[in-house]
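K.L.:
The structure under discussion is supplied below as structure tokens; questions concerning it will follow.
The values are calculated or read from the model by the stated rules, or taken from the named source; none is laboratory data. Predicted model, so just to flag it, every value in this text is computed and none were measured. All Cβ positions, even for glycine, are placed from backbone atoms using ideal geometry, and neighbour counts span all protein chains on display. The protein model used for the area step is the full one, side chains on, heavy atoms only, and it has no ligands, DNA or RNA in it. Shrake-Rupley method; radii C 1.70, N 1.55, O 1.52, S 1.80 Å.
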There are 2 protein chains.
Amino acid sequence: MMAETATISRFEVIFDAEGVNRSKFRNDVKVHLRGPYAVSYELPTDEGGIHGGDGSAPYPLAYFTSALTACVMTQIRAFSKRLGIPVDGFTVKTRCHWQAQQNGNAPYESAPVAFTMDVDIESDASEADKRRLLAAAQKGCFVEQSLKPGLVRHRLKIGERWVDA
Amino acid sequence: MMAETATISRFEVIFDAEGVNRSKFRNDVKVHLRGPYAVSYELPTDEGGIHGGDGSAPYPLAYFTSALTACVMTQIRAFSKRLGIPVDGFTVKTRCHWQAQQNGNAPYESAPVAFTMDVDIESDASEADKRRLLAAAQKGCFVEQSLKPGLVRHRLKIGERWVDA
């Protein structure tokens with residue numbers, strides 16, 4: 001009697017960063033992927049002048065919005081192959097909406113309101129296949145899986161319509 | 001009889017982005033802050049060669065790690081003033097750890113394992129004040145408040161010790 005062969009595998013993804021702030025709102029942040037394919041990036045942030053900064057680098061939330069957008073895009077591309085659903089180009093439009101509440105000049109408390117992503121996949125694939133691809137991309141998206149459940153809502157363009165996905 | 005004056009106020013923070021993928025893993029992502037202080041950033045992403053990309057831009061998760069690191073840093077600086085807790089410089093070291101699981105070559109599913117942040121605030125402030133400042137920064141951090149509850153763990157340097165915060 002043969003044992004069944006388990007084909008389930010796991011892999012780890014780790015990024016680390018060090019951020020240094022010396023004054024005002026400029027944060028010098030260096031991010032590293034370690035290991036055999038190590039790479040490092042300088043990804044500083046600042047606030048705009050109206051928020052007390054010098055506008056010397058993107059806002060932290062600009063990086064966040066790119067990360068969320070690009071993470072699901074990367075998985076659409078990666079899983080297109082794995083699922084055999086051919087894809088030409090695609091576009092994703094993301095809107096990240098937060099609200100903050102403060103009492104006088106006390107520190108404010110912030111909360112996400114809604115993050116929406118509109119996904120337009122250029123492909124001859126059926127609606128069912130496009131939905132299957134987007135669903136897989138969501139489950140594989142490291143950023144989205146780190147967010148509060150239900151926070152991100154997706155719409156998919158089918159023909160000329162936008163449908164919830 | 002005078003009505004009580006409510007000093008509670010709210011404000012909205014909205015970033016939006018459009019990402020375009022034409023082939024492979026390069027995502028051209030443009031991020032916008034709209035309104036009277038509008039600003040836009042080109043924040044493209046790519047995967048490294050080992051992951052099928054061309055390494056032409058940072059990984060999406062590199063942006064994410066910077067955003068998480070810098071968001072809490074920005075609030076430490078902002079709330080230092082509001083709380084009257086003087087701060088010189090400070091450093092934050094972040095580690096974001098995810099795991100992915102796959103069955104054969106099917107699309108993988110990802111999940112966060114642990115995000116840790118080690119915060120070292122240069123200040124003559126007491127341990128209690130440093131804790132109060134970091135606690136306020138966490139509640140104000142737009143990125144952290146968007147994440148699954150309990151995912152991020154913080155440590156604070158007090159003298160030569162690292163303590164949970």
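K.L.:
Excluding residues on the same chain fewer than 8 positions from A:Lys24, give the lysines whose Cα lies under 17 Å from its Cα.
P.N.:
Qualifying lysines at Cα under 17 Å: B:Lys81.
K.L.:
Another question about this same structure. Averaged per residue, what accessible area in Å² does chain A show with a 1.4 Å probe, protein chains only?
P.N.:
Here the per-residue accessible area is 48 Å².
K.L.:
Note down the magnitude of the dipole of region A:80-133 about its Cα centre, charges +1 on Lys and Arg C-beta and -1 on Asp and Glu C-beta and zero elsewhere, to the nearest 20 debye.
P.N.:
I would put it at about 200 debye.
K.L.:
Assigning unit charges at the beta carbon (Lys, Arg +1; Asp, Glu -1) and nothing else, what dipole magnitude in debye, to the nearest 20, does region A:23-123 show about its Cα centre?
P.N.:
The calculated dipole for region A:23-123 is roughly 360 debye.
K.L.:
Please report, as a whole percent, how much of the solvent-accessible surface of region A:69-130 comes from carbon and sulfur atoms (probe radius 1.4 Å).
P.N.:
The nonpolar share, carbon plus sulfur, comes to 43 percent.
K.L.:
Quick one: work out Rg over Rh on the C-alpha atoms of region A:11-141, Rh as Kirkwood radius.
P.N.:
Using only Cα positions, Rg/Rh for region A:11-141 is 1.06.
K.L.:
Give, ordered by residue number, each residue of region B:10-28 whose 1.4 Å probe accessible area is reduced by a minimum of 30 Å² on adding the remaining protein chains to the chain alone.
P.N.:
Buried by the other chains: B:Arg10, B:Phe11, B:Glu12, B:Val13, B:Ile14, B:Phe15, B:Ala17, B:Gly19, B:Asn21, B:Phe25, B:Asn27.
K.L.:
Once you mark the trypsin sites (Lys or Arg not before Pro) that are in a DSSP loop and have at most 16 other Cβ atoms within 10 Å, what is the longest gap between them in chain A?
P.N.:
The reported range is A:35-165.
K.L.:
Would you look at the GNM of chain B, springs on alpha carbons closer than 10 Å, and say which of B:Gln99, B:Gln75, B:Gln138 moves the most?
P.N.:
B:Gln99
K.L.:
If you project the alpha carbons of the protein assembly as shown onto the principal axes, what extent comes out on each, in Å, largest first?
P.N.:
Answer, in whole Å and largest first: 70, 53, 39 Å.
K.L.:
Projecting each Cα onto the charge dipole of region B:24-100 (Lys/Arg +1, Asp/Glu -1 at the beta carbon, about the Cα centre), which of B:Gly52, B:Ser66, B:Pro36 comes out farthest on the positive side?
P.N.:
B:Pro36
K.L.:
Per residue of B:131-140, what is the mean number of Cβ atoms on other protein chains within 10 angstrom of that residue's Cβ?
P.N.:
2
K.L.:
What does the average come to when, for each residue of peptide A:93-103, you count the partner chain Cβ atoms lying within 10 Å of its Cβ?
P.N.:
The shielding value for this peptide is 6.
K.L.:
With everything on Cα atoms, drop me the angle between helix B:127-140 and the longest principal axis of chain B, reported from 0 to 90° to the nearest 10.
P.N.:
50
K.L.:
Sticking with this one: Only Lys, Arg, Asp and Glu count, each charged at its Cβ (+1, +1, -1, -1), so figure out the dipole size of region B:115-163 about its Cα centre, rounded to 20 debye.
P.N.:
320
K.L.:
Skipping prolines and chain starts, which residues have an amide H placed within reach, meaning under 5 Å, of the one on A:His154, given they are 5 or more residues away or on another chain?
P.N.:
Those lying under 5 Å, H to H, from A:His154 are A:Met117, A:Ala165.
K.L.:
Give the B-A buried accessible area in Å², both sides summed, 1.4 Å probe, nearest 100.
P.N.:
Values: alone 11900 and 11900 Å², together 15690 Å².
Accessible area lost upon association: around 8100 Å².
K.L.:
Report, in degrees rounded to the nearest 10, the 0 to 90 angle that the Cα long axis of helix B:60-83 makes with the longest principal axis of chain B.
P.N.:
With rounding to tens, the tilt is 10 degrees.
K.L.:
Additional query: Roughly what % of DSSP beta bridges within region A:43-165 run antiparallel, to the nearest 5?
P.N.:
Here the antiparallel bridges make up roughly 75 percent for region A:43-165.
K.L.:
Less than 25 Å apart at the alpha-carbon level, and either on another chain or at least 8 residues along: which lysines does that give for B:Lys30?
P.N.:
A:Lys30, A:Lys93, A:Lys130, A:Lys139, A:Lys148, A:Lys157
K.L.:
On to the next question. When the Kirkwood hydrodynamic radius is evaluated over all pairs of different C-alpha atoms of region B:41-88, what value in angstrom, to one decimal, is obtained?
P.N.:
Computed over region B:41-88, the radius equals 12.9 Å.
K.L.:
Give the long-range amide H neighbours of B:Val113: residues separated by 5 or more places, or on another chain, with amide H under 5 Å away, using H modelled in the peptide plane at 1.01 Å from N.
P.N.:
B:His97, B:Trp98, B:Gln99
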